[in-house]
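*Asks:* Quick one: this structure, given as structure tokens, is what I'll be asking you about.
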């Protein structure tokens, strides 16, 4: 037990991190009246109606569906388009390559906030408001820089001899890309996909502007709207918040390695 | 990152005039163009063009409908630097950066050093500390606005039960405490991310070096100060960079919790931009603010990369010419 001080520190920090989450989970099992008298104890009785109400509401599942559809579509487009570009950046030498590549890397500096006004005007004139494409396409575009950088780095590690052999065997550039490079790049593709999914899932500003109608609301919009609607019903809001966090945390527990590996690699190589 | 190793098809070098070579060269260019085209189209139409349009609109007084006709030159920018809210945004952004770099990052580093030792359960601690990072800022904001309800929320009850009620009670509701409270939420959400960066960096430090220092009689603090810290330099510089950029561009969390209030006390540049652009329909002025956000980010990035990260990064923005 000579590590006691270290463990004490970790416990305190652990409570700071997990406390809010556990408080939310447990409070969801209380009624709001019970919550005001019994804030930190275990629920007595355990009230499940908050959670069952969330899980049986059409709005919640519609938001989950909407968030999922948008995240998957964003990722497929962003990763597909980036893989093609990263292939060219990694394995062809041509005039102007570094200029074009730098243009993409500078995209890392461009936050949504800078482009959001003209983007909104653009989407409005193309009638893409209240349309999932109005969120999917801009998100995919903003995901390109990081995805291209990570994939280019990976594609460069694949030996040139492999490509020469494939071309001697009569493989076209696209054939090499599709049949050899992409299957070999599966770990890198997994990493960038996980990053794109999480970014899309958590996006707030763009869906907030694009979706006026509740029809396509994503989970972050839904949570915020629910808080506004049931302002005083604390326990019920907490149940909604907890239910809304579950998919992200579940995804994290499955894809933890790709997520952390990708973020650290993206940060140090970007 | 050497270019020489991966150069199977060198277009620039293929200059012999034989027809078959010319055709092959043409084919290579066709491949390059067709592979790059989707990314270029997507990126230019939805990232570059909007940013260009923002630059253009920032020169007009424009309400958002019809064509912008009321050209005001740099009027929006001169207005910005007389606007006490915008100047306040700069000051608050500066404070957030100061807090992040001075408190959040050292804290994350301390946790990383702690969890780099052989402690029981360290894998679980790492997993837990990082978890808030995957939650959306909007949901995090809703959760904390419930936890920190002034007077009636659990945080105040907890402080009250240990006799520290004077510490709480205001949180997001008071101009003098709101920014610090937002910073606490930022720390809750992001320190795990920086900790993971540092852990990745620490794992790259060979134990032999630390052992050697130890044999030479260096104590734990000296080993940290003179071996670990310098070797962690590149990671720390990246982490500071990301933290500063994040602070400059902060929006979701603030918008969900306070909308910038009370009376602008937590407003950031992005929130001001949003207010003018989408609530007050002063799109020209809002565009000027978004141009300022971009300008500040870029200037910071260029200066930082040139003077601070120069040794770590080959590539990125500044030394592209050196690279060709």
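Values in this text are rule-based calculations from the coordinates and carry no lab data. None of the values given here were measured: they were computed from a predicted structure. All Cβ positions, even for glycine, are placed from backbone atoms using ideal geometry, and neighbour counts span all protein chains on display.
*Asks:* With angles folded into 0 to 90 degrees, how steeply does helix A:112-125 sit against the dominant principal axis of chain A? Use alpha carbons for both and round to 10.
*Replies:* 80
*Asks:* In the Gaussian network model of chain B, springs joining C-alpha atoms below 10 Å, which of B:219, B:64, B:160 carries the largest mean-square fluctuation?
*Replies:* Checking each option, the largest mean-square fluctuation is seen for B:219.
*Asks:* To the nearest 0.05, how large is the calculated FRET efficiency for residue A:131 and residue B:299 if R₀ is 35 Å and r is the Cβ-Cβ distance? List each step's numbers first, then the result.
*Replies:* On the way: r = 36 Å, r/R0 = 1.03.
Given R0 = 35 Å and the Cβ-Cβ separation, E is 0.45.
*Asks:* When the C-alpha atoms of segment B:70-191 are aligned to their principal axes, what extent does each axis show, in angstrom, from largest down?
*Replies:* Extents along the principal axes, in whole Å: 65, 36, 25.
*Asks:* While we're on this one: Starting from 0.36 nm per residue, how many nanometres of slack lie between residue B:78 and residue B:45 once their C-alpha separation is accounted for? Could you put the intermediate results ahead of the total?
*Replies:* Details: separation 33, 0.36 × 33 = 11.88 nm, distance 2.96 nm.
Fully extending the segment from residue B:78 to residue B:45 adds 8.9 nm.
*Asks:* Treating the angle as unsigned and between 0 and 90°, give the value, to the nearest 10°, between the Cα long axis of helix A:219-229 and the longest Cα principal axis of chain A.
*Replies:* The angle comes out near 30 degrees.
*Asks:* Let me ask something else about it. Could you work out, residue by residue across A:139-145, how many beta carbons of other chains sit within 10 Å of that residue's beta carbon, and then give the average as an integer?
*Replies:* Details: counts 1, 4, 10, 4, 1, 7, 3.
Mean number of neighbouring Cβ atoms from other chains: 4.
*Asks:* At residue A:53 and residue B:20, where each label point lies 7 Å from the Cα along Cα→Cβ, what is the point-to-point distance in nanometres?
*Replies:* Here the answer is 7.8 nm between the modelled labels.
*Asks:* Can you classify chain B as rounded, prolate or oblate using the Cα gyration tensor, where a ≥ b ≥ c are the square roots of its eigenvalues, rounded means a/c under 1.5, and otherwise it's prolate if a/b beats b/c and oblate if not?
*Replies:* Details: a/c = 2.32, a/b = 1.12, b/c = 2.06.
Oblate.
*Asks:* Let me ask you something else. At 7 Å along Cα-to-Cβ for each site, give me the label-to-label distance between residue A:37 and residue B:98 in nm.
*Replies:* 4.8
*Asks:* Continuing with the same structure: Measuring from label point to label point, each 7 Å out along Cα→Cβ, what is the residue A:246 to residue A:230 span in nm?
*Replies:* 1.4
*Asks:* Let me ask something else about it. Length gain on complete extension for the stretch residue A:256 to residue A:22, per 0.36 nm per residue less the alpha carbon to alpha carbon distance?
*Replies:* Details: separation 234, 0.36 × 234 = 84.24 nm, distance 2.06 nm.
Taking residue A:256 through residue A:22 to full extension adds about 82.2 nm, to one decimal.
*Asks:* What number, rounded to the nearest 500 deg cm²/dmol, is the helix-based mean residue ellipticity at 222 nm of the protein assembly as shown, given -39500 (n - 2.57) per DSSP H run of at least four residues and division by all its residues?
*Replies:* Working: 29 runs with 393 residues, N = 594.
Counting only the DSSP helices, I get -21000 deg cm²/dmol.
*Asks:* Take the Cα atoms of segment A:210-270, build their convex hull, and give its volume per residue in Å³. If you can, show how the numbers build up before the last one.
*Replies:* On the way: hull volume 7.6 nm³, N = 61.
Once divided by residue count, the hull of segment A:210-270 is 124 Å³.
*Asks:* Sticking with this structure for a sec: Radius of gyration and Dmax for segment B:116-162's Cα atoms, expressed in Å?
*Replies:* Computed over the Cα atoms of segment B:116-162, radius of gyration and Dmax are 15.2, 42 Å.
*Asks:* At what distance in angstrom do the alpha carbon centres of segment B:140-219 and segment A:36-56 lie from each other?
*Replies:* Cα centroid to Cα centroid, the span is 28 Å.
*Asks:* Cα centroid distance between segment B:64-90 and segment B:266-285, in Å?
*Replies:* A separation of 10 Å, based on Cα centres.
*Asks:* I would also like to ask the following. Restricting to Cα pairs below 8 Å that are 6+ residues apart, what does the relative contact order work out to for segment A:1-140? Please round to a whole percent. Kindly include the intermediate steps, with their values, before the conclusion.
*Replies:* On the way: 45 pairs, mean separation 28.0, N = 140.
Relative contact order here is 20 percent.
*Asks:* Could you give the angle, 0 to 90 degrees to the nearest 10, between helix A:234-269's Cα long axis and the longest principal axis of the Cα atoms of chain A?
*Replies:* With both axes taken from Cα atoms, the answer is about 30 degrees.
*Asks:* Starting with the fewest neighbours, write out A:110, A:60, B:274 ranked by other beta-carbon atoms found within 10 Å of each beta-carbon. The partial results should precede the final answer.
*Replies:* On the way: A:110 22, A:60 19, B:274 27.
Placing the least packed residue first, the sequence is A:60, A:110, B:274.
*Asks:* I've got another one for you. Can you give me the Kirkwood hydrodynamic radius for segment A:129-220, using every pair of distinct Cα atoms, in Å to one decimal?
*Replies:* Numbers: mean 1/r = 0.0644 Å⁻¹.
For segment A:129-220, inverting the mean 1/r across all distinct Cα pairs yields 15.5 Å.
*Asks:* What shape does segment B:158-297 take by its C-alpha gyration tensor, where a ≥ b ≥ c are the square roots of the eigenvalues and a/c under 1.5 counts as rounded, a/b above b/c as prolate, and the rest as oblate? Walk me through the intermediate numbers first.
*Replies:* Working: a/c = 4.10, a/b = 1.69, b/c = 2.43.
Oblate shape, in that a/c is at least 1.5 and b/c is the bigger or equal ratio.
*Asks:* How many times 2.2 N^0.38 Å is the alpha carbon radius of gyration of the protein assembly as shown? Walk me through the numbers on the way to the answer.
*Replies:* Details: Rg = 25.6 Å, N = 594, 2.2 N^0.38 = 24.9 Å.
My calculation over the Cα atoms of the protein assembly as shown gives 1.03.
*Asks:* Still on this structure, I have one more. Pick from A:237, A:180, A:26: which is most flexible by mean-square fluctuation in a GNM of chain A where alpha carbon atoms under 10 Å apart are linked?
*Replies:* A:180
*Asks:* Tell me, what does the Kirkwood hydrodynamic radius of chain A come to in angstroms if you use every pair of distinct C-alpha atoms?
*Replies:* Values: mean 1/r = 0.0463 Å⁻¹.
About 21.6 Å for chain A.
*Asks:* Please give the average number of partner chain Cβ atoms lying within 10 Å of the Cβ of each residue in B:195-203, rounded to a whole number. Display every interim value, and only then the final one.
*Replies:* Details: counts 1, 6, 5, 1, 2, 7, 2, 0, 1.
Mean number of neighbouring Cβ atoms from other chains: 3.
*Asks:* Relative contact order for chain A: what is it in percent, counting Cα pairs under 8 Å that are at least 6 residues apart? Intermediate values should be presented prior to the final figure.
*Replies:* Details: 253 pairs, mean separation 87.5, N = 270.
Over chain A, the number comes to 32 percent.
*Asks:* Right, something else. Which FRET efficiency value, to the nearest 0.05, do you get for residue B:56 and residue B:167 by plugging their Cβ-Cβ distance into 1/(1 + (r/R0)^6) with R0 = 45 Å? Walk me through the numbers before you get to the answer.
*Replies:* Values: r = 49 Å, r/R0 = 1.09.
Efficiency, from the Cβ-Cβ distance: 0.40.
*Asks:* Per-residue Cβ counts within 10 Å, from other chains only, averaged over B:141-154: what number is that? If you can, show how the numbers build up before the last one.
*Replies:* On the way: counts 5, 12, 12, 1, 3, 10, 6, 1, 1, 0, 0, 4, 2, 9.
If you average over the peptide's residues, the count of other-chain Cβ atoms is 5.
*Asks:* Of the residues A:62, A:95, A:156, which exhibits the maximal mean-square fluctuation in a Gaussian network model of chain A defined by a 10 Å Cα contact cut-off?
*Replies:* A:95
*Asks:* Please state the relative contact order of chain B as a whole percent: Cα pairs under 8 Å, 6+ residues apart? Before the final figure, lay out the partial values.
*Replies:* Values: 325 pairs, mean separation 76.6, N = 324.
Value for chain B: 24 percent.
*Asks:* Arrange B:189, B:61 by Cβ neighbour counts within 10 Å, fewest through most, would you?
*Replies:* Values: B:189 21, B:61 17.
The fewest-first ordering by Cβ neighbours comes to B:61, B:189.
*Asks:* Assuming 0.36 nm per residue, please report the length gained on full extension of the stretch residue B:308 to residue B:278 beyond their Cα-Cα distance.
*Replies:* Gain on extension, residue B:308 to residue B:278, equals 7.1 nm.
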